[in-house]
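Colleague: Please read through the structure below; I'll follow up with questions.
The values are calculated or read from the model by the stated rules, or taken from the named source; none is laboratory data. Owing to the predicted nature of the structure, the values given are computational and were not obtained by experimental measurement. Quick reminder, even Gly has a Cβ in these numbers, built from the backbone with ideal geometry, and neighbours come from all protein chains shown. Surface accessibility is based on the protein's heavy atoms, side chains included, excluding ligands, DNA and RNA. Shrake-Rupley method; radii C 1.70, N 1.55, O 1.52, S 1.80 Å.
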Amino acid sequence: MTPDAALIELLARVGARHGATVLVTGEELSRWPTVAVAAMKSQGLLAKARSAASVVCPGCEQQCVMPVHTGQGTRRDRASFVVCDKRSDINRVPVAVDRLIQWRCDTEAVCRFVAASLGLRRSDTHPADPGLLHIGIASGDKRHQMLCLKADGVLGLFAGSSTVPLADLIAYQDGAYSIDGAAVRQLVDSATTADPRHTPTNARRETRKLDTQTMYKSWQKAYRDLKKRRPHMSDVWYSQQIAKDVAVGRSPETIRKHMKK
């Protein structure tokens, strides 16, 4: 997974939840590029969240989601565990600290990142459309417009009557993420999405769409193969195996949503 792909994955999760807070565990972040995680934290895209109250139990292959218990003692010595009530041969199952540590991202964090990257002053006004969040006044070569974040399944930058997927505009270089300022100026100046200056962006969008479809097909093939070999396992188990062997660094939850289609 590249640093660009890591941020695209994070933004896709926020978009899929229509702007609701997304939680990522420390264990999952350990599989992402270290430089990408460091940049996300330093640029405010990831903030520390409360420890997880429940986890997928590692005690057996059934992968049940169970509440977490933490023993008494000092902060350093306290051990966390789940109590299995499904099998008689399993009782307490230890849970690693990395599985409880969580980081969060939401649309407000994304708005701050976009504003900082483009040098915009954050707007304190609120749009009438609940699917939009004001970021700040952006300048093109011809006009100034309010730049908004649109969260309707996919995060996009919106100005006037045009929207561009945010994932198409991000780049990673020299330890930090940035937004394509030239593309944003074109967005601000454009009156319609048919503006010919958007053709390169549309081409990138179509290429990424094809890449995504190919990726989903590889997950679906892996799911069918696992289903044949281990027919009685849970969907959570299948998605986690695919995340380990085929789609390293991808969210098992994201995989689970697409592996059967």
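Colleague: Would you list the strands (runs of 3 or more DSSP E) that sit entirely within the range 122-192 and hold 3 or more residues that are surrounded by fewer than 22 Cβ atoms within 10 Å (Cβ to Cβ)?
Modeller: 132-139, 144-151, 162-165, 170-173, 176-179
Colleague: Continuing with the same structure: What are the residues in the range 240-261 that are touching a residue at least 24 places away in the same chain (Cβ under 8 Å) and more than 22 Å from PRO3 (Cβ to Cβ), if any?
Modeller: Correct list: GLN240, HIS258, MET259, LYS260, LYS261.
Colleague: Any idea which residue in the range 217-261 is nearest to VAL24 (Cα to Cα), counting only those that are open to solvent by 40 Å² or more (accessible area, probe 1.4 Å) and in a loop (DSSP other than H, G, I, E, B)?
Modeller: Looking at the filtered set, the residue picked out is ARG250.
This table checks each residue for (1) more than 19 Å from the chain's Cα centre (by Cα); (2) modelled with pLDDT under 70.
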| site | (1), (2) |
| --- | --- |
| ALA47 | no, no |
| CYS57 | yes, yes |
| THR70 | yes, yes |
| GLY73 | yes, yes |
| VAL93 | yes, yes |
| ALA109 | no, no |
| LEU118 | yes, no |
| THR125 | yes, no |
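Colleague: Among residues belonging to the range 13-41 that are in a helix (DSSP H, G or I) and without any contact (Cβ under 8 Å) to a residue 60 or more places away in the chain, point out the one that is nearest to LEU133 (Cα to Cα).
Modeller: Checked the range 13-41; the qualifying residue nearest to LEU133 (Cα to Cα) is VAL37.
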